[in-house]
Amino acid sequence: MSQATAEATLPFEEALAAYDPVLGLEVHVELGTNTKMFCGCATAFGAEPNSQVCPVCLGLPGALPVVNEKGVESAIRIGLALNCEIASWCRFARKNYFYPDMPKNFQTSQYDEPIAFNGHLDVELADGSTYRVEIERAHMEEDTGKSLHVGGSTGRIHGATHSLVDYNRAGIPLIEIVTKPMTGAGERAPEIAKAYVATLRDLLKALAVSDVKMEQGSMRCDVNLSLMPKDSTTFGIRSETKNVNSLRSVERAVRYEIGRHAAILSSGGKVTQETRHWHEDTGITTAGREKSDAEDYRYFPEPDLVPVAPSTEMVEALRATLPEPPAARRKRLQSAWGYSDLEMRDVVNAGLVDLIDETVTAGATPAGARKWWSGEIARRANDAGSDVPTYAASLAVTPAHVVELESLVTGGRLNDAMARQVWDGVLAGEGTPTAVADARGLELVQDTGALQAAVDKVIAANPDVAQKVRDGKVQAAGALIGQVMKEMKGQADAAAARQLILDTLVG
Amino acid sequence: MTNELITASAADLAARLAAREISSAELTQACLDRTAAVDGVVHSYLHVDAEGALAAARAIDERRAAGESLPTLAGVPIAVKDVMTTKGLPTTCGSKILEGWIPPYDSTVVTRLKAAGMPILGKTNLDEFAMGSSTEHSAYGPSRNPWDLDRIPGGSGGGSSSVIASFQAPLATGTDTGGSIRQPAAVTGTVGTKPTYGGVSRYGLVALASSLDQAGPCARTVLDTALLHEVMAGHDPMDSTSIDAPVPAVVEAARRADVSGMKIGIIRELTGDGFQAGVQQRFDEAVQHLVDAGAEVVEVSCPSFTYALAAYYLILPSEASSNLAKFDAMRYGMRVAPQGIDDPSAEQVMAATRDAGFGDEVKRRIILGTYALSSGYYDAYYGSAQKVRRLIADDFTRSFEAADVLVSPTAPTTAFAFGDKIDDPMAMYLNDIATIPANLAGVPGMSLPSGLAPEDGLPVGFQILAPAMQDQRLYAVGAALEARLLSAWGAPLLHSAPDLTAAGKGA
Amino acid sequence: MSELTRADVAHLAGLARIELSDDELDKMVGELGIILESVATVQNAPIGDVAPMSHPMPLVNVTRPDEVRPSLAAEAALSGAPEQDQQRFSVPRILDED
């Protein structure tokens, strides 16, 4: 779809041999409040166009904003979760620029007085090490409307004859979270960028402040990148790549921009300070608006809103509502579950922590929960291009199923091989484990008479082996167990069969 | 002036309506008849809603006939300044850019007028977006001063001042950003109050400068002004800057008219040099009347007032440049295609529309404000102005420690002639020198007539200023002064204004 | 203070999205120069360590509960639109990207 052609890039390793990347990320999160930031309009996604608008969010003459109290609380909770200081007094500011999807032609935002500032977020990398991302600020603002570009061939803005604007999204609360420039990341810069966004997403999810759906735009990421020569400590000129909206893209965009900057710099060129557009399909960025002196937002304190001055009591009360930080929770669970580092990392990477936690809480063993959730269902989810929690939810397979399955095994009704068959049935939608076992007639034979008969028959057919066992070579019983199981068509407990053979032969 | 209904006070009319001596329909019709007779020469209205006003009047008459207990001013008609939104009635703000716009919502003030049972006669003229002191900046032509049709009725609320001075309505609403209620009252021999900032909701008032704008009442007597003040004022959750406290007891204060023991502070910086001789003379006489009524006079100094005009003409344009950005031809109002451009962009249409739709004064102030906020100049201009604003507020605080109210002439001169200052913006701005400090500090102020200047026979205004949320003091002092002046004059000042029906015939 | 040039005014008019004609620009440069000279006197006030004042009243923490209020009907929302299509505001093509 992208008509733009890729610019020259230097291979990643070559780029990093000569330059150190300096990375900055700006993440916009749409809060999951019931109403907009400055008016009482609903925020539901996917409503009829212009059906969730009022004089305030349409910017009609005379309308005035009033702050959503939940928006402020969410902003403070996010700030606290990011280990930020919370401003004791701060104001909103108007960011003035003209754009048709912005009804007032200014965005109500915060400028030099953000509600939260000077924080950090520790990010775990694949090798188990931790990188601390310093947080510059988190501030409150509002979203814009959405434009539909008409008349062009591709629905893109270029070539469009006109645009159709829906203001339902205008005024939805946004929190913008800005990192300080990250230095010293080197070749790990793409991984760190991705891990930061993933960690932030998990944190916001745990806070229950947003649905953080990158694919629906409720979490959006801008990547700022510059390079400095290895021997330098002066930051280079940066590019701002806008709307990089998946974890994978964040990693790719950083990697691409490192290569692109390096190509320019190594050929003696100068990087242009500009906005770049990310193209998901081709994995490249293209030039957007050039940042120049013409860009002058003329910020000033919003006179229509009074300052926000959260009391210490309010901040502490909100701090008390914070959930356990995801990293601390993972450490706690790993120790409680007795998983090795490798096992835990696999579980985390597969997004299974919550599911296993629920399953263990519901009564399963940690080992059992891990075994069932990371086995066959993980393979199927992967084939379906999904993840286990989403896939399980789509099949209506729940932690209770795993608990039930495990109890059928420990209760002696199923052996392991049978349990796997039952799980297949559960995943195939045949019902609960018990229902599947019943329907498929899967049950260890409990009738010792039938087992005794099978044992007697096998002993009779193998007198030499039986004699070895009688002579004390207990391990020879293995050959007999296999035959007994065959006689029983698998529906026997191997341990019980072994015991019966020994009882019969040795007494 | 054949129909005495049109010259009666609102208080008197309310009493007669309550006693069912007159009907609201009869009274409203009398006002509309007067408009038909004189507004051709006065041009107070931009839009008259005869049908709506009469329907509202009849509805009130029916409710009264049914024995319903009604608010004090129920049935008394009112004119609304065309800067307040009225659902279903055009709201132009005196600008071409909003020609034909019919808001889908009522301002809070209008909602309150309707709830009080007051028929709305129409929308009154103003300088475009309330920027001016003469109505010469209205895109629809100026209103005229009933005392001399060649002179200005003040501004921006010249439509509201002239509509009551010409007996077309007993009451009108105004808005006051730097004197737009008080200066028109002064030059037309009427009464007007700018309440404490936050005393009356700004919701639905098309913003000029958000931190300065305040709506208030316009009438012919102090008591009428108080009655309307009480209807308009009170906390509104739709306006974040609205004060959540009981409305000061303005009506009670106006009825008691007691100044005994009060300390009246004369502001040294707002008397003497620069004030027309007759204006100063009437001011001095008024002060003597207050002394005779038992008040004590002190002199106070407000040195920072010297910088008030400069600070005001930075803060106002800055806020206005942002407030008026929303008029961009995208969602409502005028849309103009630029000449000589095929297939213009949104940006080009915005720029062409704003050039065609805004008048010179509006453009001047928008560009001035854009400059004052722009990067590199913010601190020197907007920032310094905000500091001066603090100094002015401090001057008031100090002065109110020495005096209960402060007084000055409302305007330096009586009504000037059309054209006198239209080409000299600074001369026009100087007209507001005495009224501006109250807006910068947020304190309440009132203007009431103190007589006619001997040299030109035109009305002179007397300004009273009180501490924030002490609006009732304006009415105590205003009513006491009014009573003494009335007994000195023998009849209300407006009774000596020329007969407009004769002028109408002559024109 | 630096003088306000014709180019400055043209730049400001661009920021403010007003397409001034040449005549308007000429007139504006002169008028704004006079006004600016006058308003620049704020810098002469004794404002050294004075805290700027953005709001006339010292209110803080005015919020509303996160409860949905009725929106306008789409028809009312679009009632003033110069052009509309598919229940949306129709605007000319948008040149700049953001």
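Bear in mind these aren't lab numbers, they're just calculated from the coordinates by the rules spelled out. Keep in mind the model is a prediction, meaning the values are calculated, not measured. Quick reminder, even Gly has a Cβ in these numbers, built from the backbone with ideal geometry, and neighbours come from all protein chains shown.
Given the C-alpha centroids of region B:51-66 and region A:51-67, what is the distance between them in whole angstrom? Using only Cα atoms to place each centre, the spacing works out to 32 Å.
By the helix-only formula, in which each DSSP H run with n ≥ 4 contributes -39500 (n - 2.57) and the sum is divided by residues, the protein assembly as shown has a 222 nm mean residue ellipticity of -12000 deg cm²/dmol. Spin-label pair A:Arg420-A:Ala336: with each label point 7 Å from Cα along the Cα-Cβ axis, the two points sit 3.1 nm from one another.
Can you put A:Lys473, A:Lys468, A:Lys104 in order, fewest other beta carbons within 10 Å first?
A:Lys473, A:Lys468, A:Lys104
A Cβ-based charge dipole, computed about the Cα centre of region C:46-95 with Lys and Arg at +1 and Asp and Glu at -1, lands at about 40 debye. Among the residues of C:31-37, the average count of other protein chain beta-carbon atoms within 10 Å of the residue beta-carbon is 5.
Net charge dipole, region A:448-506: roughly 120 debye, given to the nearest 20, about the Cα centre with Cβ charges of +1 for Lys and Arg and -1 for Asp and Glu. Considering only A:Pro399, A:Asn415, A:Pro389, and ranking their Cα positions along the charge dipole of region A:364-450 that arises from unit charges at the beta-carbon of Lys, Arg, Asp and Glu, the one farthest toward the positive end is A:Pro389. Each other residue within a Cβ distance under 13 Å of A:Gln110 adds +1 if Lys or Arg and -1 if Asp or Glu, for a net charge of -3.
Here the gap between B:Arg268 and B:His495, fully extended at 0.36 nm per residue and compared with their Cα-Cα distance, gives a gain of 78.4 nm. Please report, ordered by residue number, every helix of chain B (full DSSP H runs) that is 24 Å or longer along its axis going by C-alpha atoms and whose mean Kyte-Doolittle hydropathy reaches -0.5. Helices passing the filter in chain B: B:24-42, B:471-489. Springs join every pair of Cα atoms under 10 Å in this Gaussian network model of chain C, and among C:Asp26, C:Asp49, C:Asp66 the largest mean-square fluctuation is at C:Asp66. Relative to the Cα centre, the charge distribution of the protein assembly as shown, modelled as +1 at Lys and Arg Cβ and -1 at Asp and Glu Cβ, gives a dipole magnitude of about 1840 debye. What residues from region A:363-379 fall in the zone where the backbone N is under 11 Å from a label point 7 Å along the Cα-to-C-beta line of A:Thr410? Output list for this probe position: A:363-369.
With R₀ set to 30 Å, the beta-carbon distance separating B:Glu455 from C:Glu37 gives a calculated FRET efficiency near 0.40. Sorting the segments A:75-82, C:37-44 by their residues' average number of neighbouring beta-carbon atoms within 10 angstrom, most packed first, yields A:75-82, C:37-44.
Of all DSSP bridge pairs formed entirely within chain A, close to 95 percent run antiparallel. A crude spin-label estimate for the pair A:Ala309 and A:Asp346, with each label 7 Å from Cα along the Cβ direction, gives 5.8 nm. Take B:86-94, B:366-374 and order them by the average number of nearby Cβ atoms within 10 Å per residue, most first; the result is B:366-374, B:86-94. Centroid-to-centroid, using Cα positions, region B:215-280 and region A:304-342 are 52 Å apart. Think of region B:117-198 as having a plus end and a minus end, set by charges on the Cβ of Lys, Arg, Asp and Glu; of B:Ser134, B:Pro153, B:Thr173, B:Thr173 sits farthest toward the positive end of this dipole. Loop-located GluC sites (Glu not before Pro) across region B:80-176 with a Cβ neighbour count of 16 or fewer within 10 Å are B:Glu99, with loop assigned by DSSP. Per-residue mean of foreign Cβ neighbours for A:34-41 is 4 (Cβ atoms of other chains, 10 Å radius). In chain A, the longest principal axis of the Cα atoms and the axis of helix A:416-427 are about 40 degrees apart.
Mind checking region A:199-258 for trypsin sites (Lys or Arg not before Pro) that DSSP puts in a loop (not H, G, I, E or B) and that have at most 11 other Cβ atoms within 10 Å? It would help to have the intermediate numbers written out before the result.
On the way: sites: A:Arg201, A:Lys205, A:Lys213, A:Arg220, A:Lys230, A:Arg238, A:Lys242, A:Arg248, A:Arg252, A:Arg255; in loops: A:Lys213, A:Lys230, A:Arg238.
Passing sites in region A:199-258 are A:Lys230.
Residue separation of A:Glu69 and A:Thr321 scaled by 0.36 nm, minus their Cα-Cα distance, works out to 89.1 nm of gained length. Cβ-Cβ distance of A:Trp89 and B:Glu252, R₀ of 30 Å, FRET efficiency by 1/(1 + (r/R0)^6): the value works out to about 0.20.
What does the charge add up to near B:Asp432, with Lys and Arg as +1, Asp and Glu as -1, over the other residues with Cβ less than 11 Å from its Cβ?
On the way: positive: B:Arg182; negative: B:Asp176.
So the surrounding residues net to 0.
Extending 7 Å from the Cα toward the beta-carbon at both B:Glu299 and A:Glu443 defines two label points whose distance is 11.2 nm.
Please give the FRET efficiency for A:Gln216 paired with B:Asp379, using the beta carbon to beta carbon distance and R0 = 30 Å, rounded to the nearest 0.05. Efficiency computed from Cβ-Cβ geometry: 0.10. Taken as Cα centroids, region B:90-129 and region B:1-22 sit 25 Å apart, rounded to the nearest whole angstrom.
Mean partner shielding of peptide B:203-211, defined as the number of other chain Cβ atoms within 10 Å of each residue Cβ, is 5.
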